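Below: one structure, written as structure tokens.
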Amino acid sequence: MPALAAALRREGVPRVREAIMTALIRVGDAASIEAILPYLRSQDAALRTAAVEALCALRESLAPFMPQLLSDGDSDVRLLATELTRNMDAAQATTLLCDLIEREPHPNVCGAAIDVLAEVGTPEALPSLERCAARFSASPFLPFAISAAIARISGVKG
């Protein structure tokens, strides 16, 4: 695993990086995730996207890392982390994302979390969504997104 992580750090050819990430996915352990996580901070959009895709493929091994990612000091990392919850168990994703929107100050991160909750959220998300709507009532887009998420989770047809 250290050899793959080192190779990924120094590799500049996108196809070779993709092959290394595929090897890390196949291994699929915590060390694989730790090798990929730094690329969520990359300035290279293609590398960030590859990291997100690789981490999504490792969703079962990724679960213990999610609270840390959703609490990261960088709002861009928190925003990307919301996407990682999309393929998780609905109850687990709901818990993680509700925890995030209860404390998240950045409206774009909340928006990303709400987008995922609209797709996978369970009814347990409704109180957190309502509190988020109240907190961001002056925001131009969050109250609308939240009302759509609440309707979808509640099974209300529009």
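The values are calculated or read from the model by the stated rules, or taken from the named source; none is laboratory data. Predicted model, so just to flag it, every value in this text is computed and none were measured. Note: ideal-geometry Cβ built from the backbone for every residue, glycine included; neighbour counts use all protein chains shown.
Examine segment 92-110 for a residue that is part of a helix (DSSP H, G or I), in the same structural domain as Ala138 (by TED's automatic domain parsing) and small (Gly, Ala, Ser), and state whether such a residue exists. Scanning segment 92-110 turns up at least one residue that is part of a helix (DSSP H, G or I), in the same structural domain as Ala138 (by TED's automatic domain parsing) and small (Gly, Ala, Ser). Only one of the numbered conditions (1) modelled with pLDDT of 95 or more; (2) exposed (fewer than 14 other Cβ atoms within 10 Å of the Cβ); (3) over 25 Å from Pro105 (Cα atoms) is violated by Val16, and that is (1). The lone criterion from (1) farther than 25 Å from Ser42 by Cα; (2) loosely packed, with under 14 Cβ neighbours inside 10 Å left unmet by Ala125 is number (2).
When restricted to residues that are buried (at least 22 other Cβ atoms within 10 Å of the Cβ), farther than 17 Å from Pro38 by Cβ and of a type in the set (A, V, I, L, M), segment 71-90 contains 0. Of all the numbered requirements in (1) in the same structural domain as Glu130 (by TED's automatic domain parsing); (2) surrounded by 13 or more Cβ atoms within 10 Å (Cβ to Cβ), Ser42 misses one, and that requirement is (1). With respect to the conditions (1) under 30 Å from Val27 (Cα atoms); (2) charged (D, E, K, R); (3) over 13 Å from the mean Cα position of the chain (by Cα), Arg131 falls short on a single one, namely (1).
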